Amino acid sequence: SSRRRVEFERDGKNLSAYKNYVLFINSMSKPFSRIIFDLDGVIYRGHTPIPGAAAALGKIRAVGYSIAFITNNATRSRSQLRRRLAKMGVHVSVDEIMTSAYAAARYLQQMKPRPRAAYALGERGLRNELRGTGFAVLPCA
């Protein structure tokens, strides 16, 4: 199986992901403090890291930007994603990751009255995030 190289266009030239990120960061005058990245297709595709992404993220952090990651994929918890990213050379804390599963758990936490338990009709990531935020996960019949 052949690996696909992700490339971008700038001024008619093909650039690797790393070079594209560096050009982007160097061209900015730092109008904001945090850059948010989607995970699938930006940092990795399936189980394969995007070439140059880890190095680009290191460069972005080195020039002073905070980084956060988002995904609408609820199959993995933030802890699972942190471990997955670490294996790809991207070192982050769980607080830098937002998933749809965690967003749902946080939403339930803020409800008045706050529920104590939830039925989780979803993947393990959703169940883990619900438990991690203090909810009992009820079995589905």
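The values are calculated or read from the model by the stated rules, or taken from the named source; none is laboratory data. Since this is a predicted model, take the numbers as computed values, not measurements. Reconstructed Cβ throughout: ideal geometry from the backbone, glycine too, with neighbour counts over all protein chains shown. Heavy atoms of the whole protein, side chains included, go into the accessibility calculation; ligands, DNA and RNA do not. Shrake-Rupley method; radii C 1.70, N 1.55, O 1.52, S 1.80 Å.
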When you scan segment 101-109, do you find a residue that is surrounded by 12 or more Cβ atoms within 10 Å (Cβ to Cβ), touching a strand residue (DSSP E or B) at 6+ places or on another chain (Cβ under 7 Å), at pLDDT 90 or above and not β-branched (Val, Ile, Thr), even just one? yes
Single unsatisfied condition, GLU96 versus (1) at pLDDT 95 or above; (2) open to solvent by 50 Å² or more (accessible area, probe 1.4 Å): (2)
Give me the pairs: first residue in segment 30-50 and at negative phi, second residue open to solvent by 40 Å² or more (accessible area, probe 1.4 Å) and of a type outside the set (A, V, I, L, M), beta-carbon distance under 6 Å, and six or more apart or on different chains, which are they? SER33/SER66; ARG34/SER66
